[in-house]
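J.: Pasting a structure below so you can have a look.
The values are calculated or read from the model by the stated rules, or taken from the named source; none is laboratory data. Computed from a prediction, not measured in an experiment: that's the story for all the values here. We place every Cβ from the backbone using ideal geometry, glycine too, and count neighbours over all the protein chains shown.
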Amino acid sequence: MKTCSQCKEVKPLDAFYPQKRGGTDGRCKDCRKANARADHWAHRDVHLARMKERHKANRDAELAAMRQRNPIYYQANRDKFLAQYQENREQELSRMRAARLDMHDHYLRWLICHGSHLKPDDIPQSLIEAKREQLRILRELKKENHEEC
């Protein structure tokens with residue numbers, strides 16, 4: 001049994017992560033996860049930018065490693081992989097277009113949360129309705145401007 005240095009609860013040793021230097025961490029797994037989650041949301045834009053950079057830098061190496069691990073299967077199914085990618089991409093794009101045109105709640109939640117630290121579940125329905133009305137008005141104004149030209 002060990003006491004967590006953060007929540008001060010007494011927990012069994014398997015509730016703590018092991019340390020490389022021996023022993024266990026001072027904070028329990030629950031506290032470590034909560035801190036990591038809070039840090040992620042507090043610095044979400046930094047984490048996403050870092051992840052994009054890593055993906056961009058390693059994309060070719062990852063593809064090459066996959067091809068090297070199983071070159072026969074990749075070559076035999078290359079057309080299948082490309083077709084599947086295109087099909088999924090088109091389906092996803094059409095789904096997103098429909099959500100945008102129909103002003104679905106999840107699209108409006110994304111618009112409100114995009115570029116902020118908010119989570120979609122934190123957005124009240126009244127704010128979603130206000131955003132929907134704002135977009136409807138903006139679309140009408142845009143439509144009127146195109147008719148005048």
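J.: Checking Pro12 against (1) modelled with pLDDT of 85 or more; (2) loosely packed, with under 11 Cβ neighbours inside 10 Å; (3) within 30 Å of Leu118 (Cα to Cα), which test does it fail?
T.: Result: Pro12 passes all but (3).
J.: Which of the helices (runs of 4 or more DSSP H) found entirely inside region 1-118 contain at least 1 residues meeting this: without any contact (Cβ under 8 Å) to a residue 24 or more places away in the chain and touching a strand residue (DSSP E or B) at 6+ places or on another chain (Cβ under 8 Å)?
T.: 29-42
J.: Before we move on, is Arg67 charged (D, E, K, R), surrounded by 10 or more Cβ atoms within 10 Å (Cβ to Cβ) and closer than 30 Å to Leu135 by Cβ? Can you show your working first?
T.: Details: charged (D, E, K, R): yes; surrounded by 10 or more Cβ atoms within 10 Å (Cβ to Cβ): yes; closer than 30 Å to Leu135 by Cβ: no.
So Arg67 does not fit the description; no.
J.: If the Cβ limit is 7 Å and pairs must be 6+ apart or interchain, which residue in region 130-149 that is closer than 18 Å to Asp105 by Cβ pairs with which residue that is aliphatic (A, V, I, L, M) and outside any helix (DSSP H, G or I)?
T.: Arg132/Met103; Leu135/Met103
J.: Continuing with the same structure: Given the options Arg132, Arg100, name the one that is surrounded by 13 or more Cβ atoms within 10 Å (Cβ to Cβ) and more than 27 Å from Ala49 (Cα to Cα). If you could, list the steps in order and put the result at the bottom.
T.: Values: Arg100 fails: more than 27 Å from Ala49 (Cα to Cα).
Only one candidate qualifies: Arg132.
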